[in-house]
Amino acid sequence: MPPRRSHKKSRAGCRRCKFRKIKCDEVHPRCGNCVKHGVDCDFEHPEIIADIQAAAAAASAASPASTGSRTPFTPAATLDYNSPRIGASEPAAASPRTRLPGHGVSVPAPPLYQTPSTPALSSTTPTAHRLLELRLMHHYTTLTCKTFTFTAPTTEEIWKITVPNLAFSGSQHLADAILAVAALHLRSLTPNDKDLVRASHAYMAASLAEYSATLTKGIDSSNAESLFLTAALIAFQSTATRVFLKDEMNLGAGGTPDGYPKDRNPSAGCYSVPFTWFHSFQGVKAITAASWQWIRQSPVVTQVINSQVVLQLDFSTGPETFFGHLLEGLDEEIAQIAARSSSTPGPSTGPPSVASNPVSPHPDNGPSSGPSSSSNPNMELATRTRHAYQHAVAVLNWAHKIPHRGTPLAFPATVSRRFIELLEERQPRALAILACFFALLKAMDNVWWLQGMARREVLGVVSLFNSDFFGPDSYRKWWPHLEWAMRIALYENPPDGSPIPAEIWGADWYAEEQRLAEGMEAGGYYRHIDMLSQMVSAVESIPPVPDMDRNG
């Protein structure tokens, strides 16, 4: 093999020749190669050195030979995008290139499209499930939000546009609550979709965690509005979750179900009251009271509040009211409570809550029964028990007149804390009142998050009276007070959606609505809450966030 010819190496050539890896003749002011190709030479124009270096760096980063794969955002010219799959093992193709204007250097062309760097709306959303998040938000803005406004169409734009915009502005608990409720709504349409089941639980768990953390930090002008709306969505969610359960079963091995005293533990399979309803709706009330100094200036919140029908309660206890029969024998029951030995104090009830009835004193905030109440805890307990029953029945009487306006939903939000204690104690009178409340929901059976609720819950409550839990005489004693609830629960709504006839329901909804119209013109809920806030200081603590895991 003949020896290689000797040659002179070029060490001081121009940058363009070095970049192209060819020998430069080092002729000044322009080398021969640059003259031949008609491009600028850095011997003559040193200012182009930076452009050449940038082009070289870009070409090196995009070169298939140097990286061994395509850049993630650069479309390959030879790929068939109609193929159902583009595998990683497909041959790499050269990236499109363009010439640097005026310099003759080829550089990679910018990609036509890059994946946006916008983060997911919710941190709960896995990267692979971004489409699920978009699906849920689309479903919320097109369908779900309308199911919150069936009694107040004027607020549809708030739930459809304003609420999502608040979530987009950085309210994580509100964003997760929106997605959780939308997932539940889709579950009602496609109950076998496991992704929706997991999503509804995951988003609500994340919303509750962030909501609780925000409350711990404190309410101020920056978060009061979003906290109120999140509390409302949590209340909707706690109600909707019950749709997917046959019964709320909280009977752990060796333990007692939530809310049952140990000495009154029912047998396995016994119906259990959905206390999360009361906790979540009472949470809306507490948030309203604690943040009123800020949300009273919010056009969003005030419009939502004023869209509700004003409570107009009649505290008459006689049989002339529709549910007055539920108070029969109350004097004897109260006398038994008051006659108990003072050495056996009643259960602790914690600090009184802010009254939710803007028209009359709330049973949790009423005045003391007299000098004896301070020396006899049972006398005070008896008075609070009487007020709790009378207030709950007054709410039922009011809601019974115009149930199509969503008034039954005021019941779990406005009943007293003492009434909830009576439910936890499984007092027959409290459960009979509860059965009548559930029967009122029959008027809204066409709403997805209340569908079938009246029938299921009333039958569940009545089953307690028809079991060994209360004894053999309980059903016979309380059946006259449960008969109306059972008749309404078993009523089959006509396909045309017409209201339940007045002779079955016991009232003409639309005639009663005309009679109560004057109350709607008296300033609405906003005026009553504003008056109440001037008389009662805001609550010192927020009720515990309801544990949604108990509901499925």
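The values are calculated or read from the model by the stated rules, or taken from the named source; none is laboratory data. For clarity, every value in this text was computed on a predicted model and none was experimentally measured. In this analysis, Cβ positions are derived from the backbone assuming ideal geometry, glycine residues included, and neighbour counts consider all displayed protein chains. Protein only, heavy atoms only, side chains kept; ligands, DNA and RNA dropped before computing areas. Shrake-Rupley method; radii C 1.70, N 1.55, O 1.52, S 1.80 Å.
Quick one: would you say SER368 is part of a helix (DSSP H, G or I), open to solvent by 20 Å² or more (accessible area, probe 1.4 Å) and modelled with pLDDT under 50?
Numbers: part of a helix (DSSP H, G or I): no; open to solvent by 20 Å² or more (accessible area, probe 1.4 Å): yes; modelled with pLDDT under 50: yes.
No, not satisfied.
Specify which of the listed residues (PHE469, PHE437) is under 24 Å from PHE322 (Cβ atoms) and either among the aromatic types (Phe, Trp, Tyr) or in contact (Cβ under 8 Å) with a residue 60 or more places away in the chain (or both).
Details: PHE469 fails: under 24 Å from PHE322 (Cβ atoms).
Answer to the check: PHE437.
Restricting VAL163, VAL105 to those that are out of contact with any strand residue (DSSP E or B) (no Cβ under 6 Å at 6 or more places or on another chain), under 30 Å from CYS14 (Cβ atoms) and either surrounded by 19 or more Cβ atoms within 10 Å (Cβ to Cβ) or modelled with pLDDT of 90 or more (or both) reduces the list to VAL105.
Checked against (1) closer than 22 Å to LEU464 by Cα; (2) modelled with pLDDT under 90, PHE323 meets all criteria but (2). Filtered by the rule that a residue be touching a Ser or Thr at 6+ places or on another chain (Cβ under 8 Å), part of a helix (DSSP H, G or I) and either among the basic types (Lys, Arg) or farther than 17 Å from PRO274 by Cα (or both), segment 437-464 gives a lone residue, TRP448. Every listed requirement among (1) modelled with pLDDT under 90; (2) surrounded by fewer than 24 Cβ atoms within 10 Å (Cβ to Cβ) is met by ILE420 save one, (1).
Going residue by residue through segment 456-465, is there one that turns out to be more than 23 Å from LEU189 (Cα to Cα), open to solvent by 20 Å² or more (accessible area, probe 1.4 Å) and at pLDDT below 85? Quick ask: steps written out before the conclusion?
Looking only at segment 456-465, we keep the residues that are more than 23 Å from LEU189 (Cα to Cα), and these are 458-465.
Restricting the remaining residues to those that are open to solvent by 20 Å² or more (accessible area, probe 1.4 Å) gives 459, 463.
Checking which are at pLDDT below 85 leaves us with none.
Scanning segment 456-465 turns up no residue that is more than 23 Å from LEU189 (Cα to Cα), open to solvent by 20 Å² or more (accessible area, probe 1.4 Å) and at pLDDT below 85.
Only one entry of ALA180, ALA202, ALA209, ALA213 meets the criterion of being of a type in the set (A, V, I, L, M, F, W, C) and closer than 21 Å to LEU450 by Cβ, and that entry is ALA180.
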